[in-house]
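Inspection log for the structure reproduced underneath, given as structure tokens.
The values are calculated or read from the model by the stated rules, or taken from the named source; none is laboratory data. All of these numbers come straight from a predicted model, not from anything done at the bench. Quick reminder, even Gly has a Cβ in these numbers, built from the backbone with ideal geometry, and neighbours come from all protein chains shown. Quick note on the areas: whole protein, heavy atoms, side chains included, nothing else; ligands and nucleic acids left out. Shrake-Rupley method; radii C 1.70, N 1.55, O 1.52, S 1.80 Å.
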Amino acid sequence: MPADASYADGSSSADVAVVGAGPNGLAAAVTLARAGLSVDVLERNSYAGGGASTREITLPGYRHDLASAVHPMALASPFFRAFELEQRIELAVPELSFGHPLPDGRVGKAWHSLARTADGLGRDGRAYRRLFGPMLEHVDEVNDFTTQSLIGIPESIWAATIFGLRTLEQGSPVWNARFREDIAPALLTGAAAHIIGRHPRLSMAGGGLALTLNAHARGWPVPIGGSQSISDALVADLTAHGGRVLTGVDVTSYADVAGYGTVLLDTSTSVLAQILGDRAPERYRKALQRFRHGNGASKVDFALSGPVPWTDPDLRRTPTVHLGGTRAQIAAAEAEVARGRVPTHPYVLVTQPSVIDPTRAPEGHAVLWAYAHVPYDSPVDMTEAITAAVERYAPGFRDLVLASTATPASELHTVSPNFAGGDFATGAVNLVQMLKRPVVSTHPWRTPVEGVYLASSATTPGPSVHGLAGWYAARLALQERFGLESPDLGPADA
Ligand SMILES: Cc1cc2nc3c(=O)[nH]c(=O)nc-3n(C[C@H](O)[C@H](O)[C@H](O)COP(=O)(O)OP(=O)(O)OC[C@H]3O[C@@H](n4cnc5c(N)ncnc54)[C@H](O)[C@@H]3O)c2cc1C
């Protein structure tokens with residue numbers, strides 16, 4: 001237990017320890033504190049936020065998101081809807097959710113409006129509209145389905161069926177059958193490639209469809225002030241309900257948390273295994289050992305003397321641009337990564353929050369965040385590859401760069417140990433590991449050690465800033481350990 005962990009009433013321990021102040025850890029802590037429990041969040045870093053943190057890492061006055069940058073789930077996640085995040089921070093929703101330039105000069109555009117997007121897709125407009133239209137009409141049901149455990153009976157059979165059929169189509173060799181041209185497929189694959197892996201695959205197709213659906217539903221917002229604003233809103237609510245975040249506390253063994261009756265871990269499965277040690281039965285330990293990491297992201301942050309001069313003017317207005325070419329070209333680059341090689345022309349995800357959030361850089365200047373997919377733990381600095389990829393569609397970009405900071409995959413653990421090796425999903429996202437995250441169970445957040453729960457993206461429903469793994473783990477702990485109901489989370493319920 002940390003040395004300074006004593007309460008005003010003289011007691012030395014809270015009811016619950018949450019290890020890790022990432023979005024899932026903070027979501028868990030808020031839920032537990034709202035239910036009336038005393039909660040300590042123990043965080044290794046000197047600040048709270050984990051994958052939702054914003055810092056000056058190039059030049060003074062330029063604020064960069066260390067990991068997550070764009071937040072479809074801030075509006076779509078059932079946890080953030082209950083927390084009413086929209087009422088607490090400003091989430092700027094762009095008209096153009098994301099853009100995708102192709103090597104021949106054409107540009108795919110996923111507008112917030114489905115109709116406008118379809119209108120821009122020529123002969124494929126109608127097919128695209130048919131793909132998303134029915135899901136859009138029931139978007140909350142679909143979001144609820146995609147963010148729950150795949151084990152068990154879905155709440156909405158309709159949502160499961162309609163989403164499942166489309167995932168089967170887009171995740172299999174018939175993925176091009178619906179389309180006659182190549183812009184719509186490129187748009188879909190650009191979104192599916194937010195998850196690293198070979199294409200077509202069901203897990204990537206499902207993730208890509210869910211992301212694109214939300215691009216047309218509530219949009220792809222950027223928090224004003226950066227992803228840190230989300231973490232700060234969670235910390236503010238936690239502390240308002242008596243909880244504490246103790247920073248600079250690296251939990252390495254069970255002894256570090258033994259004084260707490262209940263412990264929730266916002267950690268990787270390897271740290272979970274280390275903390276549980278011999279307390280966990282061998283079968284569970286083996287399941288944790290079998291849980292596979294995914295490939296990695298090699299990230300670069302740029303401080304710019306002005307906005308990116310994209311050739312297509314619409315790309316100057318969207319925070320998110322996918323680079324990597326056609327569906328076939330992205331699939332080829334991802335196959336290279338799966339074979340353990342750094343592609344010559346990798347898939348690159350670019351965000352330029354300054355187009356919608358002037359707080360990130362001095363007036364007239366801008367920040368740019370980008371990562372390329374690379375093999376697990378690759379030490380390769382992708383600054384030149386990313387600069388060349390942007391320059392191709394925005395001639396003159398290179399001349400705007402005032403400074404840049406590279407975080408290769410092998411260094412991403414410095415942001416959060418959960419991202420070790422660059423695996424920003426904290427465990428590969430494939431069909432097996434979506435069913436078995438990290439074990440096959442209707443309640444995968446529960447560990448076999450009494451009072452210890454897993455609450456990170458290493459468990460259901462996987463990666464992204466949605467707070468759901470933490471929320472689900474906390475609700476289970478409330479019920480099993482304290483006989484308490486899940487509390488209301490809205491600001492009006494404070
Ligand atoms: C480069 C990159 C880009 C991304 N882009 C997006 C995006 O645009 N949108 C999106 O939704 N998602 C994005 N993600 C994914 C998203 O950041 C993660 O899915 C999310 O942060 C997972 O939340 P978490 O709470 O499970 O883990 P984390 O955010 O990793 O938080 C875990 C926290 O626990 C702490 N911790 C871990 N172990 C210990 C320990 N033993 N003792 C003490 N503290 C510990 C860590 O320091 C960290 O603060 C991105 C991730 C990366 C790396």
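Scan the range 455-472 for residues that are of a type in the set (A, V, I, L, M, F, W, C), open to solvent by less than 10 Å² (accessible area, probe 1.4 Å) and in a helix (DSSP H, G or I) and jot them down. So that I can check it myself, show each step before the final result.
Keep residues of the range 455-472 that are of a type in the set (A, V, I, L, M, F, W, C), which gives 455, 458, 465, 468-469, 471.
Pick out the ones that are also open to solvent by less than 10 Å² (accessible area, probe 1.4 Å) and you get 455, 458, 468-469.
Selection gives 468, 469.
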Q) Taking the range 473-494, which residues are in contact (Cβ under 8 Å) with a residue 60 or more places away in the chain, open to solvent by 10 Å² or more (accessible area, probe 1.4 Å) and under 22 Å from residue 284 (Cβ atoms)? A) 475, 481
Q | One residue from 142, 70 being open to solvent by 10 Å² or more (accessible area, probe 1.4 Å) and aliphatic (A, V, I, L, M) | A | 70
Q | Residue under evaluation residue 441, criteria (1) in a helix (DSSP H, G or I); (2) surrounded by fewer than 20 Cβ atoms within 10 Å (Cβ to Cβ); (3) out of contact with any Phe, Trp or Tyr (no Cβ under 8 Å at 6 or more places or on another chain), criterion not met | A | (1)
(Q) Between a residue in the range 109-127 that is within 21 Å of residue 323 (Cα to Cα) and any residue that is part of a strand (DSSP E or B) and among the aromatic types (Phe, Trp, Tyr), which pairs come within a Cβ distance under 9 Å, given they are 6 or more apart or on different chains? (A) 109/98; 110/98; 117/111; 120/111
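Could you tell me whether residue 450 is open to solvent by 20 Å² or more (accessible area, probe 1.4 Å), outside any helix (DSSP H, G or I) and free of Cβ contacts under 8 Å to residues at least 24 places away in the same chain?
Details: open to solvent by 20 Å² or more (accessible area, probe 1.4 Å): yes; outside any helix (DSSP H, G or I): yes; free of Cβ contacts under 8 Å to residues at least 24 places away in the same chain: yes.
Taking the combined requirement at face value, the residue satisfies it.
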Q | Residue ranges of helices (runs of 4 or more DSSP H) in the range 64-132 with at least 2 members within 12 Å of the ligand (Cβ to nearest atom), small (Gly, Ala, Ser) and not assigned by TED's automatic domain parsing to the domain that holds residue 323 | A | 72-76
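Residue by residue, here is whether (1) surrounded by fewer than 19 Cβ atoms within 10 Å (Cβ to Cβ); (2) touching a residue at least 40 places away in the same chain (Cβ under 8 Å); (3) at negative phi holds:
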| residue | (1), (2), (3) |
| --- | --- |
| 361 | no, yes, yes |
| 366 | no, yes, yes |
| 382 | no, yes, yes |
| 386 | no, yes, yes |
| 395 | yes, yes, yes |
| 398 | yes, no, yes |
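In this structure, does residue 134 turn out to be of a type outside the set (Val, Ile, Thr), open to solvent by 30 Å² or more (accessible area, probe 1.4 Å) and closer than 23 Å to residue 177 by Cβ?
Working: of a type outside the set (Val, Ile, Thr): yes; open to solvent by 30 Å² or more (accessible area, probe 1.4 Å): yes; closer than 23 Å to residue 177 by Cβ: yes.
For residue 134, the condition - of a type outside the set (Val, Ile, Thr), open to solvent by 30 Å² or more (accessible area, probe 1.4 Å) and closer than 23 Å to residue 177 by Cβ - is met.
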(Q) Restricting to the range 32-59, and then to whatever is among the acidic types (Asp, Glu) and over 26 Å from residue 404 (Cα atoms), can you tell me which residue is farthest from the ligand (Cβ to nearest atom)? (A) 40
(Q) Any residue at all in the range 234-242 that's of a type outside the set (D, E, K, R), within 11 Å of the ligand (Cβ to nearest atom), open to solvent by less than 40 Å² (accessible area, probe 1.4 Å) and at negative phi? (A) yes
Q | Hits in the range 147-178 - residues which are within 25 Å of residue 327 (Cβ to Cβ) and surrounded by 20 or more Cβ atoms within 10 Å (Cβ to Cβ) | A | 163, 166, 167, 170, 171, 175
Q.
The conditions are (1) over 25 Å from residue 198 (Cβ atoms); (2) within 15 Å of the ligand (Cβ to nearest atom); (3) surrounded by fewer than 24 Cβ atoms within 10 Å (Cβ to Cβ), and residue 420 fails exactly one of them. Which is it?
A. (1)
**Q.** Hey, residue 151 assigned to a loop (DSSP other than H, G, I, E, B), touching a strand residue (DSSP E or B) at 6+ places or on another chain (Cβ under 8 Å) and not assigned by TED's automatic domain parsing to the domain that holds residue 328 or not
**A.** no
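Residues checked against (1) near the ligand (Cβ under 10 Å from one of its atoms); (2) on the phi > 0 side of the Ramachandran plot; (3) open to solvent by 10 Å² or more (accessible area, probe 1.4 Å):
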| site | (1), (2), (3) |
| --- | --- |
| 248 | yes, yes, yes |
| 257 | yes, no, no |
| 262 | no, no, no |
| 265 | yes, no, no |
| 268 | yes, no, yes |
| 277 | no, yes, yes |
| 293 | no, no, yes |
| 298 | yes, no, no |
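Take residue 28 and tell me if it is modelled with pLDDT of 95 or more, crowded, with 24+ Cβ neighbours inside 10 Å, in a helix (DSSP H, G or I) and under 23 Å from the mean Cα position of the chain (by Cα).
The answer is yes for residue 28.
Condition test on residue 207, is it of a type in the set (Gly, Ala, Ser), crowded, with 24+ Cβ neighbours inside 10 Å, on the phi < 0 side of the Ramachandran plot and in the same structural domain as residue 132 (by TED's automatic domain parsing)?
Details: of a type in the set (Gly, Ala, Ser): yes; crowded, with 24+ Cβ neighbours inside 10 Å: yes; on the phi < 0 side of the Ramachandran plot: yes; in the same structural domain as residue 132 (by TED's automatic domain parsing): yes.
Here the answer is yes, as residue 207 does meet what is asked.
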Q: Check off (1) buried (at least 24 other Cβ atoms within 10 Å of the Cβ); (2) of a type in the set (D, E, K, R); (3) over 15 Å from residue 294 (Cβ atoms); (4) within 12 Å of the ligand (Cβ to nearest atom) for residue 411 and give me the number that stays unchecked.
A: (1)
